[in-house]
């Protein structure tokens, strides 16, 4: 189930769903998604579906990973510094790390972060910084990012994330509770401009941290 043909079928499905960025598609074909799952679920790694990774969290559906990454690349084409809210398994982190210069990733659940760190190190990523913290607050108030991606849904966009978005920067984040919408927020000279993208279903962005 981790054969090249299986991966290619997934990429063809992403193309059929409207993903056009060839660099995103190429990277997702070459990145071993099964590495980011427990062995019992690894045979399902190249299905276009979200999968559990423990602690009530999920590995995002490949289409959503591709869609959110494509939005960042399209609307922040010169981005170098990227903040990810919700490291989770580390899979989305790996995709970002293959496309942008430096990734800062926040995770509130320490055991998930530890697993992600091990996987990313084993795969040779050297441009990722991980932080165990509450994702509502981003990385730090004295740092600004060209792009921010959240893999968990708050009820509304946290002001702290907007404060850390650089001029012309883009934030891609799911918003809502029972009903969620993926939105893109652009930091323009006229202020923050929000665009609704499509309905989605993510785990909630919870406060605090756990060990």
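Each value in this text was obtained by applying a stated rule to the coordinates, not by laboratory testing. Computed from a predicted model, the values in this text were never measured in an experiment. As a convention, Cβ positions derive from the backbone with ideal geometry for all residues, glycine included, and neighbour counts pool all protein chains shown.
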Distance from the stretch 80-112 to the stretch 159-198 (C-alpha centre basis), Å:
18 Å
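Please give the contour-minus-distance gain from residue 140 to residue 201: 0.36 nm per residue of separation, less the Cα-Cα distance, rounded to one decimal in nm. Walk me through the numbers before you get to the answer.
Details: separation 61, 0.36 × 61 = 21.96 nm, distance 2.73 nm.
Length gained between residue 140 and residue 201: 19.2 nm.
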What Rg and what Dmax come out for the stretch 1-77 when only alpha-carbon atoms are used, in angstroms?
12.5, 38
With only alpha-carbon atoms in the gyration tensor, what are the semi-axes of the equivalent ellipsoid for the stretch 63-200, in Å, largest first?
22, 16, 14
Show me 133-145, 67-79 ranked by packing, highest mean number of other Cβ atoms within 10 Å first.
67-79, 133-145
Rounded to the nearest 0.05, what FRET efficiency is calculated for residue 162 and residue 30 with R0 set to 35 Å and r the Cβ-Cβ distance?
0.55
For labels at residue 193 and residue 15 in the simple 7 Å Cα→Cβ model, what's the distance in nm?
3.2 nm
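Using Cα pairs closer than 8 Å and at least 6 residues apart in sequence, work out the relative contact order for the chain, in percent. It would help to have the intermediate numbers written out before the result.
On the way: 429 pairs, mean separation 33.6, N = 211.
After rounding, I find 16 percent.
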Two-site FRET efficiency, residue 75 against residue 179, from Cβ-Cβ distance with R₀ of 25 Å, rounded to 0.05
0.55
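Tell me, what is the percent relative contact order of the stretch 104-211, built from C-alpha pairs under 8 Å that lie six or more residues apart? Show your work: numbers first, answer last.
On the way: 212 pairs, mean separation 28.1, N = 108.
Dividing the mean separation by the residue count of the stretch 104-211 yields 26 percent.
Over all distinct alpha-carbon pairs, what is the Kirkwood Rh of the stretch 49-125 in angstrom? Spell out each step's value before the answer.
Values: mean 1/r = 0.0777 Å⁻¹.
Across the stretch 49-125, the inverse of the average 1/r is 12.9 Å.
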